[in-house]
Amino acid sequence: RAILHEDLKGEEILIVSNREPYIHVRASGGIQVQRPASGLVTALEPVMRACSGTWIAHGSGNADRDVVDSSDRIQVPPESPAYRLRRVWLSKAEEEGYYYGFANEGLWPLCHIAHTRPVFRATDWEQYRTVNRRFADAVVQESRTSNPIVLVQDYHFALLPRMIREKLPGATIITFWHIPWPNPEAFGLCPWRGELLEGLLGSSILGFHTQFHCNNFLDTVGRYLEARVDRETSSISLGGEATEVHRYPISIEWPPAMLAGLPDVAQCGADLRRELGVPLETKVGIGVDRLDYTKGILERFAAIERLLELEPHWVGHFTFVQVAAPSRSSIEEYQSLDARVRAAAQRINNRFGSPGCPPITLRIEHHDARRVYALYRGADVCFVSSLHDGMNLVAKEYVAARDDERGVLILSQFAGASRELMEALIVNPYDTEQCAAALRLALSMNPAEQRDRMRSMRSLVQEFNVYRWAGRMLLDASRMRHRRRLAGARR
Ligand code: G6P
């Protein structure tokens, strides 16, 4: 963090993300401020505080409009104002087309190999372009200098970098793509693939979680654009302008603030079993996800079912708590997943239920972050079975929650986190036999092995924490600016 302060002194920083760092909602006692449990906010807020910058996001709370000034700005954090939050208001039609439509029915399934077909509607694409344009206008309005550093977040804003570049040629634009980037054939399905690539190449730096996704991006550009792709420096030149493409694996804060004030692990374990109504010696597994078809929740349930088939002695002695936060629920695919997940849990519970100890306890609801950390501490095993995932922070959170150096992480090889947390039990979620075997191993792993694995993973997350994620991108941006100042160039 000290490095950040030094390097960024005097720089103007703007962040653009779809989700806002503070949401104002009407409550019985007046207006309440909610802070989404988001790694992004944790990572970028220290940067914003250091530079008194501006965060631009979609205003989504029902009281957001009540607290802004005439230019739609508010100073945040509410308890000690340090930077500006500029809200952009979207009409119902804009939100439908840009967020639900193109971003979440088009780009999301396009980039995640989960065999859900992307849907591309020209009307959604129009709204996506319009909304990207509106955010670009907001960046230009908010910028006090001609050469700010702009941090663009995620697949909601693929067109934004170029739109900003056209208006602010001196800006240093860092775009971070939080989800996977598929291979050229898969990406090529999108009717507007060229526009998306050109939009992203307005960035000075484009970041992904893994080298594999960087390579996929270079290959995709090589396939569809007349651009110069330099693999040696991992950069792309289009029309004389260069974009560097690098890997910046996201992480979580360390030490995790959520741990402060939580009971010790033994107590969390006892509390959880009491709440579930099972004896103290019952083994408990935990899964925490948004209710999304990329997370492999049904595959996870299949592995649990297979374990109980193969080793019936676990029936009544092992229970799995699945927390699934409802997400994007006006999209049909998500509604159908909700129904299928409920039905699968019900079916497995009917088949293997023993009095008072169902194999699966399904909680489809929002859980506050501290509550989730208490669950992590109380569970013997955490199962992350994403079919495809940019990073997956649940895996890192579970490791961070276990300061007792116990507990076993089962982790999908298709989550970016598996490139770093190599001491997890790495599985292919499509391989039910392998996943059931991993569960069996996890439930019987001796404490010494648990500790050895946990210790290595904890030291990795501690070292490569979220401050380093943000710091490395900003340091690269700062070096780039320095080089360009020396070269007298514009970018
Ligand atoms: C993924 C995306 C984020 C997004 C989050 C939650 O992690 O990369 O950009 O914010 O899912 O999804 P939601 O649609 O609720 O914002």
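The values are calculated or read from the model by the stated rules, or taken from the named source; none is laboratory data. The model shown is predicted, which means the values in this text are computed figures rather than measured ones. Here the Cβ positions follow ideal geometry from the backbone for every residue, glycine too, while neighbour counts run over all protein chains shown. Protein only, heavy atoms only, side chains kept; ligands, DNA and RNA dropped before computing areas. Shrake-Rupley method; radii C 1.70, N 1.55, O 1.52, S 1.80 Å.
Within region 12-44, the set of residues being closer than 24 Å to Thr175 by Cα, surrounded by fewer than 22 Cβ atoms within 10 Å (Cβ to Cβ) and more than 16 Å from the ligand (Cβ to nearest atom) comprises Glu12 only. When the test is whether a residue is away from the ligand (no atom under 16 Å from the Cβ) and open to solvent by 10 Å² or more (accessible area, probe 1.4 Å), Glu299 passes it.
Condition (residue is in contact with a strand residue (DSSP E or B) (Cβ under 7 Å, 6 or more places away or on another chain), open to solvent by less than 30 Å² (accessible area, probe 1.4 Å) and within 15 Å of the ligand (Cβ to nearest atom)) applied to region 107-122: is it met by at least one residue? It would help to see each step written out before you state the result.
Keep residues of region 107-122 that are in contact with a strand residue (DSSP E or B) (Cβ under 7 Å, 6 or more places away or on another chain), which gives none.
Taking every residue of region 107-122 in turn, none turns out to be in contact with a strand residue (DSSP E or B) (Cβ under 7 Å, 6 or more places away or on another chain), open to solvent by less than 30 Å² (accessible area, probe 1.4 Å) and within 15 Å of the ligand (Cβ to nearest atom).
Set side by side, the residues Ser459, Ser418 differ, and just one is loosely packed, with under 14 Cβ neighbours inside 10 Å, of a type in the set (Gly, Ala, Ser) and in a helix (DSSP H, G or I), which is Ser459.
Regarding region 53-63, can at least one residue be identified that is open to solvent by less than 30 Å² (accessible area, probe 1.4 Å), among the small types (Gly, Ala, Ser), assigned to a helix (DSSP H, G or I) and within 14 Å of the ligand (Cβ to nearest atom)? No - not one qualifying residue is present in region 53-63.
Scan region 148-156 and give yes if some residue there is part of a loop (DSSP other than H, G, I, E, B), within 24 Å of the chain's Cα centre (by Cα) and at positive phi, otherwise no. Before you say what the answer is, go through the steps one by one.
Kept after step one, since they are part of a loop (DSSP other than H, G, I, E, B), are these residues of region 148-156: 148, 154.
Okay, now just the ones that are also within 24 Å of the chain's Cα centre (by Cα), so 154.
In the following step, the residues that additionally are at positive phi were identified as 154.
The answer is yes; a qualifying residue exists.
Take the residues in region 424-448 that are polar (S, T, N, Q) and without any contact (Cβ under 8 Å) to a residue 12 or more places away in the chain, then tell me which one is farthest from Gln413 (Cα to Cα).
Narrowing region 424-448 to residues polar (S, T, N, Q): 428, 432, 434, 444, 446.
Now drop any that are not without any contact (Cβ under 8 Å) to a residue 12 or more places away in the chain, which leaves 434, 444, 446.
On the way: Gln434: 12, Ser444: 22, Asn446: 23 Å.
Here the answer is Asn446.
Scanning region 325-370 for residues that are touching a Gly at 6+ places or on another chain (Cβ under 8 Å) and in a strand (DSSP E or B), we see that the one that is surrounded by the fewest Cβ atoms within 10 Å (Cβ to Cβ) is Ser354. What are the pairs with Cβ atoms under 7 angstrom where one residue, in region 387-401, is under 14 Å from Arg290 (Cβ atoms) and near the ligand (Cβ under 9 Å from one of its atoms) and the other, located anywhere, is open to solvent by 10 Å² or more (accessible area, probe 1.4 Å) and assigned to a helix (DSSP H, G or I)? Sequence gap at least six, or different chains. Pairs found: Leu393/Gly39.
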